[in-house]
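Values in this text are rule-based calculations from the coordinates and carry no lab data. Since the model is a prediction, treat every value here as computed from it, not as a measurement. Here the Cβ is made from the backbone with ideal geometry for all residues, glycine too, and neighbour counts use every protein chain on show.
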Amino acid sequence: MILSLLFNWFTLPILFILHDFEEMILVPFWKKTERFQRNPKFWHYFGDTKNGAVFSIGVLEEFLILLLVSALCAAGDNGRLYLCFLTAYSFHFLIHLKMCLSYHAYVPGIVSCLLQLPLMGILIRHYFVPDLMTFVLFVPTMLIVFGNLFLMHRLMPKWEAQLNRIFR
């Protein structure tokens, strides 16, 4: 029973939202710390927005994509595509690790990354199929995932400015 839940198609969106809860809750507070404020080389971490609600809009968009992908993978029993998204999600942990190591202190998201890393290894191993089709799917998946992440971080400050104008 527990193993079937672990390998459920919706495990990835659930893990994603748990990870992003850590970021949504803590990024605004973390960006207000003296250590962060006095180090301009870190100001680009988590995009230029300082508003947790605006950050949540980007998280919602990514979550909806993962729900759609998971539903499509479940409907088509497509473990290869699911594997590619699991791997892309796991690779984003490297960004958190790099940020944490260069910041030399806690960075939002690092705790959930470290807790989820062993589980992601198990999931990737479960869905792993070493063939050409997996590789063919992997490249566009990485481009989509990291392109979308880049786009969201570019759009969030614009949304923040718009919302500040609307709700003044």
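The listed peptides 102-111, 117-126, ordered by packing as a protection proxy, come out as 102-111, 117-126 (highest mean of other Cβ atoms within 10 Å first).
One equal scatterer on each Cα of the range 1-97, no solvent, Debye formula: the resulting log10 I(q)/I(0) at q = 0.21 Å⁻¹ is -1.08.
Of the complete DSSP H runs in the chain, those spanning 15 angstrom or more by Cα along the long axis with a mean Kyte-Doolittle score not below 1.6 are 52-76. For the chain, the relative contact order is 33 percent, taking Cα pairs closer than 8 Å that sit 6 or more residues apart in sequence and dividing their mean separation by the residue count.
Neighbouring Cβ atoms within 10 Å as the yardstick, rank R165, R154 fewest first.
Working: R165 8, R154 12.
So the residues, fewest neighbours to most, are R165, R154.
So, in Å, what gap is there between the alpha-carbon centers of the range 1-80 and the range 94-168? Each part's Cα centre sits 7 Å from the other's. Normalising the Debye intensity of the range 2-166 to I(0), with uniform scatterers on Cα atoms only, and taking log10 at q = 0.12, 0.14, 0.15 Å⁻¹ returns -0.57, -0.76, -0.86. Residues T11, T87 in ascending order of nearby Cβ atoms (within 10 Å, fewest first): T11, T87.
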